[in-house]
Amino acid sequence: MKPRFTALKGVSDVLPPETGLWRKIENAACEVMGPYGYDEIKPPVMEQTELFLRSIGDSSDIVAKEMYSFTDKGGRNVSLRPEGTASIVRAYVEHNLSLRPAPQKFLYFGPMFRYERPQKGRQRQFYQLGAECFGVADPGIDAEMITMLVSFLEKIGLKGVSLEINSIGCKECRPAFKENLKAFFTPHLDSLCPDCQRRYEQNPLRILDCKVERCIQIRQNAPLISETLCQDCKDHFSGLIGLLDAMGTSYFFNPHMVRGLDYYTRTVFEVKSEGLGAQNAVAAGGRYDLLVSEFGGPDTPAIGFAAGMERLAMLLKEAATGEEVFPGAASPAIFIATLGKEAATEALKIASRLRAAGKRVEIGWSGSLKSQMRKADKSGAGHVVMIGEDELKTGKFKWKNLKDGSSGETAKEELLAKF
Ligand code: HAM
């Protein structure tokens with residue numbers, strides 16, 4: 001059979017039992033991050049397009065090429081969110097959350113949308129779990145957040161990942177760096193890809209992110225931001241490094257990392273996994289100390305990260321052996337085979353009592369006993385309970401343990417205790 005409809009390119013269904021793995025990841029995030037003070041926030045999936053232009057930046061690939069934007073029926077320019085941070089900052093300012101005691105910490109889960117070329121680990125609709133913290137400038141909170149992310153990844157059993165960190169300066173020292181970069185790229189301008197020629201004008205930092213081979217070659221000797229950091233940024237970064245060392249959190253200093261979103265200041269970080277191929281970032285984030293005030297709120301330092309759910313799930317599946325990878329994938333504990341209408345009614349009653357006690361129960365509604373037994377077997381059920389005319393008369397139900405082959409008979413009132 002040929003399906004009449006299929007999902008859009010780059011957009012996929014997450015089916016059971018994989019959804020059980022996703023739930024395990026989300027639960028682990030709540031368990032690890034709850035004690036750090038993170039509570040869930042649910043921002044909308046669409047916002048005014050302007051919000052993303054002003055935060056992620058119009059020189060970024062996300063805004064320049066990847067947004068799902070449209071004009072709604074009221075003539076507003078709207079976009080599906082390509083990431084969560086901008087919405088959370090908007091909510092923080094809109095609801096005056098700065099009046100609540102600092103720090104304010106939020107955790108979120110949900111779909112994001114980017115019109116990218118789909119490939120392994122890269123979708124057009126993908127899910128992130130993210131955390132954002134408002135109100136602390138001290139590098140202590142950077143160390144706390146990075147350590148929390150590492151603990152979360154350990155909790156879900158992710159192995160073979162590495163953490164990279166860098167500082168990309170602040171509004172005092174970044175302009176000089178941009179000028180240095182521009183000066184460096186000027187003699188190479190004609191050789192840069194057309195995107196980087198645009199980036200050169202809009203934001204030369206973005207050239208450091210380009211994936212085109214000739215741009216990678218040209219930028220090999222480009223100046224490093226670490227060479228032009230102001231003293232405050234240097235102190236902040238060395239404060240973070242000292243704390244990570246003290247916590248025993250391993251990291252690599254990657255002086256080339258700039259991140260693809262414009263709102264970052266100072267600390268940026270990425271967690272990478274070799275198992276992912278070209279799209280190797282499992283999680284990434286950084287500080288964005290200017291964004292709250294740019295959105296009309298009070299001066300509020302902030303930091304956050306987001307992890308890609310599909311990438312986490314893919315790595316856990318690839319690393320897993322055996323069944324434990326899908327924790328939510330339970331087979332029915334009991335399959336009730338029925339013969340006749342009356343038996344089906346009785347089965348429904350018994351099943352609801354067992355289900356109320358948390359047992360997973362399936363009912364075989366029709367067909368011969370043999371075909372229902374086959375169904376029970378296929379379903380992976382632990383036990384089959386049979387209800388036919390005799391059982392209805394006597395109130396005693398035959399059962400069979402499908403795992404060890406044992407069988408017996410149990411009175412209706414005792415079924416709950418038996419299974
Ligand atoms: P990002 O680096 O754009 O940062 O995305 C974070 C993570 O989302 C990536 O490391 C990756 O795991 C996942 N991801 C991104 N794009 C895709 C895609 N097309 N398909 C599958 N997974 C993807 C942000 O979004 C920032 N908002 C992070 C942040 C929070 N910074 C501060 N607070």
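Candidates are the residues of the range 108-117 that are more than 8 Å from the ligand (Cβ to nearest atom) and open to solvent by 20 Å² or more (accessible area, probe 1.4 Å); the one that is farthest from the chain's Cα centre (by Cα) is 117. Candidates 352, 366, 293: the one that is among the polar types (S, T, N, Q), at pLDDT 95 or above and either open to solvent by 60 Å² or more (accessible area, probe 1.4 Å) or within 25 Å of the chain's Cα centre (by Cα) (or both) is 352.
Return the total of residues in the range 45-68 being farther than 23 Å from residue 289 by Cα, open to solvent by 60 Å² or more (accessible area, probe 1.4 Å) and not hydrophobic (A, V, I, L, M, F, W, C). Here the count works out to 2. The number of residues in the range 119-143 being closer than 21 Å to residue 233 by Cα and surrounded by fewer than 19 Cβ atoms within 10 Å (Cβ to Cβ) comes to 3. Looking at 307, 347, 337, just one residue is crowded, with 18+ Cβ neighbours inside 10 Å and within 16 Å of the ligand (Cβ to nearest atom), and that residue is 307.
Just one of the numbered conditions (1) surrounded by 20 or more Cβ atoms within 10 Å (Cβ to Cβ); (2) among the small types (Gly, Ala, Ser); (3) not assigned by TED's automatic domain parsing to the domain that holds residue 59 is not true of residue 167: (3). A Cβ distance below 8 Å, combined with a sequence gap of six or more or placement on separate chains, defines the contacts here; from the range 257-270, residues that are without any contact (Cβ under 8 Å) to a residue 60 or more places away in the chain reach no residue that is part of a strand (DSSP E or B) and surrounded by 21 or more Cβ atoms within 10 Å (Cβ to Cβ). Restricting 205, 229 to residues that are buried (at least 18 other Cβ atoms within 10 Å of the Cβ) and outside any helix (DSSP H, G or I) narrows the list to 229. If the condition is being in contact (Cβ under 8 Å) with a residue 40 or more places away in the chain and of a type in the set (Lys, Arg), then the range 75-95 contributes only 90.
If I ask for residues that are near the ligand (Cβ under 10 Å from one of its atoms) and open to solvent by 20 Å² or more (accessible area, probe 1.4 Å), which ones from the range 241-284 would you list? Residues satisfying the conditions are 259, 260, 270, 272, 279, 280, 281. In the set 403, 393, only one residue is within 15 Å of residue 343 (Cα to Cα) and surrounded by fewer than 12 Cβ atoms within 10 Å (Cβ to Cβ); that residue is 393.
Taking the conditions exactly as written (crowded, with 18+ Cβ neighbours inside 10 Å and either under 29 Å from residue 27 (Cβ atoms) or not basic (Lys, Arg) (or both)), does residue 84 satisfy them or not? In short, yes. Could you check, for the range 139-158, whether at least one of its residues is within 30 Å of residue 222 (Cβ to Cβ) and part of a strand (DSSP E or B)? No: the range 139-158 contains no residue that is within 30 Å of residue 222 (Cβ to Cβ) and part of a strand (DSSP E or B).
No other residue among 159, 105 is under 22 Å from residue 265 (Cβ atoms), away from the ligand (no atom under 11 Å from the Cβ), open to solvent by 20 Å² or more (accessible area, probe 1.4 Å) and under 19 Å from the mean Cα position of the chain (by Cα) apart from 105. Residue 218 passes every criterion in (1) out of contact with any strand residue (DSSP E or B) (no Cβ under 7 Å at 6 or more places or on another chain); (2) crowded, with 17+ Cβ neighbours inside 10 Å; (3) not in a helix (DSSP H, G or I) apart from (3).
Evaluated against (1) closer than 21 Å to residue 261 by Cα; (2) assigned by TED's automatic domain parsing to the domain that holds residue 83, residue 180 falls short on exactly one condition, (2).
The values are calculated or read from the model by the stated rules, or taken from the named source; none is laboratory data. No experiment lies behind these values; they were computed from the predicted model shown. Every residue, glycine as well, gets a Cβ built from its backbone with ideal geometry; the counts of neighbours run over all protein chains shown. The protein model used for the area step is the full one, side chains on, heavy atoms only, and it has no ligands, DNA or RNA in it. Shrake-Rupley method; radii C 1.70, N 1.55, O 1.52, S 1.80 Å.
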